[in-house]
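Right, one structure below, let's go through it.
The values are calculated or read from the model by the stated rules, or taken from the named source; none is laboratory data. Note that this is a predicted model, so its numbers are computed, not measured. Please note: Cβ atoms are built from the backbone with ideal geometry, for glycine as well, and neighbour counts cover all protein chains shown.
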Amino acid sequence: MRTPLIAGNWKMNKTASEAATFARELVQRTITSPAIEIVIAPPFTALDSVRHALGTSSSIGLAGQNLHWEDRGAYTGEVSAPMLKDLGCQYVILGHSERRALFGERDDVIQKKLAAAFRHGLKPILCVGESLGEREAGRTTEIIAGQLKGSLAGFTATQLAMLTIAYEPVWAIGTGKAASPEQAISVHQTIRQFLQREWSAALAQGTRILYGGSVTPQNASSFLASDEIDGALVGGACLQTESFASIADLAQKRTGH
Ligand code: PEP
């Protein structure tokens, strides 16, 4: 049984003080239970203030939005896996389409970042997804398989047991045009088939696959209703306490707790 995960990617939003206020509101509003995991990914500059605002009793987890593949060194402006661990992160988002499109991240670089995350016990949330042109050209499966092949090359099933995959069609991110649950389910099945073919049925069945792309409290249930969809990676709708907490509530209801 895969534990559903609702993750909020704040992107480049909220100063450290705004983030602390928001995190305190979120703790007040969110009903946590062991049946689901809730994780938030503030900007690096807000991780410390959010960690303190969440407090030791909150079960809301913390994620970095990216990392550098080396542990330390002359990499101006970068942040490493040990730095994220030290600030209390359990997760890190890797390969987000904005990193790929705006910062030129390729699958081989994402592979090195995944290796750094595994080395330091950070659980990666690997984003994959096709552009609208790729979908319209009937290349969705090929693109997703290529991203998985390139970024997961050389890892063992034991390492990959730490992995969550987020299927995020690029055309659905921040556009208000979410994929249909059927489109998401079909790609999730493709991802599981890939994991089964390249590693094992156990890995394919054990890996959490989230849907991301214009998830809102209004459409979240339609995704979460499927056994193929193990939660959501939420962008825009995670920036307001009520909408993010409502999505988490819906995930919790689905588990029957
Ligand atoms: C994202 O950027 O990961 C995302 C899913 O954004 P949005 O929910 O705003 O589409």
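Of all the listed residues (Glu168, Glu198), the sole one being within 16 Å of the ligand (Cβ to nearest atom) and among the charged types (D, E, K, R) is Glu168. Checked against (1) away from the ligand (no atom under 12 Å from the Cβ); (2) within 27 Å of Glu18 (Cβ to Cβ); (3) hydrophobic (A, V, I, L, M, F, W, C); (4) in contact (Cβ under 8 Å) with a residue 40 or more places away in the chain, Cys238 passes all but condition (1).
Scanning region 144-155 turns up no residue that is within 14 Å of the ligand (Cβ to nearest atom) and in a helix (DSSP H, G or I). Looking across Leu84, Leu94, one residue alone is surrounded by 22 or more Cβ atoms within 10 Å (Cβ to Cβ), among the aliphatic types (A, V, I, L, M), modelled with pLDDT of 95 or more and within 16 Å of the ligand (Cβ to nearest atom). It is Leu94. Taking the criterion of being surrounded by fewer than 21 Cβ atoms within 10 Å (Cβ to Cβ) and either among the aromatic types (Phe, Trp, Tyr) or touching a residue at least 60 places away in the same chain (Cβ under 8 Å) (or both), the only residue of region 172-190 that qualifies is Gly174. If you check Leu152, Leu224 for being surrounded by 20 or more Cβ atoms within 10 Å (Cβ to Cβ) and either touching a residue at least 60 places away in the same chain (Cβ under 8 Å) or on the phi > 0 side of the Ramachandran plot (or both), only one passes: Leu224. Per the conditions (1) in contact with a Gly (Cβ under 7 Å, 6 or more places away or on another chain); (2) part of a loop (DSSP other than H, G, I, E, B), the sole criterion not satisfied by Thr175 is (1). Exactly one residue among Glu168, Glu105 is acidic (Asp, Glu) and touching a residue at least 60 places away in the same chain (Cβ under 8 Å), and that residue is Glu168.
Flag not set for Arg192, criterion: basic (Lys, Arg) and either in contact with a Lys or Arg (Cβ under 6 Å, 6 or more places away or on another chain) or within 16 Å of the ligand (Cβ to nearest atom) (or both). Looking across region 117-143, just one residue is in contact with a Pro (Cβ under 6 Å, 6 or more places away or on another chain) and not in a loop (DSSP other than H, G, I, E, B), and that is Ala117.
The residues of region 1-25 that are surrounded by 17 or more Cβ atoms within 10 Å (Cβ to Cβ), closer than 23 Å to Pro124 by Cα and among the aliphatic types (A, V, I, L, M), listed by number, are Leu5, Ile6, Ala7, Ala19, Ala23. Filtering region 129-143 to residues that are free of Cβ contacts under 8 Å to residues at least 60 places away in the same chain, surrounded by 14 or more Cβ atoms within 10 Å (Cβ to Cβ) and in contact with a helix residue (DSSP H, G or I) (Cβ under 6 Å, 6 or more places away or on another chain) leaves Glu130, Ser131, Glu134, Thr141, Ile143.
Only a single criterion out of (1) more than 18 Å from the chain's Cα centre (by Cα); (2) away from the ligand (no atom under 16 Å from the Cβ) is not satisfied by Ser180, namely (2).
For region 1-16, a tally of residues being away from the ligand (no atom under 15 Å from the Cβ) and at pLDDT 95 or above returns 5.
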